[in-house]
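Peer 1: Attaching a single structure in structure tokens format; questions to follow.
The values are calculated or read from the model by the stated rules, or taken from the named source; none is laboratory data. Predicted model only: the values in this text are computed from it and were never measured. In this analysis, Cβ positions are derived from the backbone assuming ideal geometry, glycine residues included, and neighbour counts consider all displayed protein chains. In case anyone asks, the SASA skips ligands and DNA or RNA and just uses the protein heavy atoms, side chains included. Shrake-Rupley method; radii C 1.70, N 1.55, O 1.52, S 1.80 Å.
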Amino acid sequence: VSGPWPMWRDTVQVRAFEFIRVRFRADNPGVWFMHCHLAWHEYNGLAIMFIEAPDVLLQQQSVPEEMIEMCKRQNIPTQGNGAGNQGFNMTGLPPAIYPTPDESSN
């Protein structure tokens with residue numbers, strides 16, 4: 001533990017219909033997973049992935065060629081965002097694992 005204000009806990013309780021703001025120093029390149037500790041909450045979307053310094057990651061790490069080939073065989077995009085596009089264009093995003101409210105009414 002360093003600094004004058006050491007972290008006391010790594011968890012925060014959030015009451016129903018409330019929220020918290022999380023502030024952190026983004027100086028550790030990587031992919032970081034933040035989640036709720038209740039499995040059914042996580043299943044329902046209370047999780048997020050932070051990608052810190054993607055430009056640095058691209059310089060430091062690479063995806064093995066066999067993984068890229070496996071994606072190509074399944075027609076899974078190997079570049080772009082989660083939908084294989086640029087920026088916030090999510091057109092063509094694969095379907096959710098479980099139905100969203102819009103899909104469950106069909």
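Peer 1: For a protection proxy built on the mean count of beta-carbon atoms within 10 angstrom, sort 15-22, 44-51, 62-69 highest first, please. Walk me through the numbers on the way to the answer.
Peer 2: Values: 15-22: 6.5, 44-51: 11.2, 62-69: 9.8.
Top to bottom by mean Cβ count within 10 Å: 44-51, 62-69, 15-22.
Peer 1: When the solvent-accessible surface of protein heavy atoms is calculated with a 1.4 angstrom probe, in what order do Trp40, Trp32 fall, highest first? Can you show the working numbers first?
Peer 2: Details: Trp40 165, Trp32 115 Å².
Of Trp40, Trp32, the descending order of accessible area is Trp40, Trp32.
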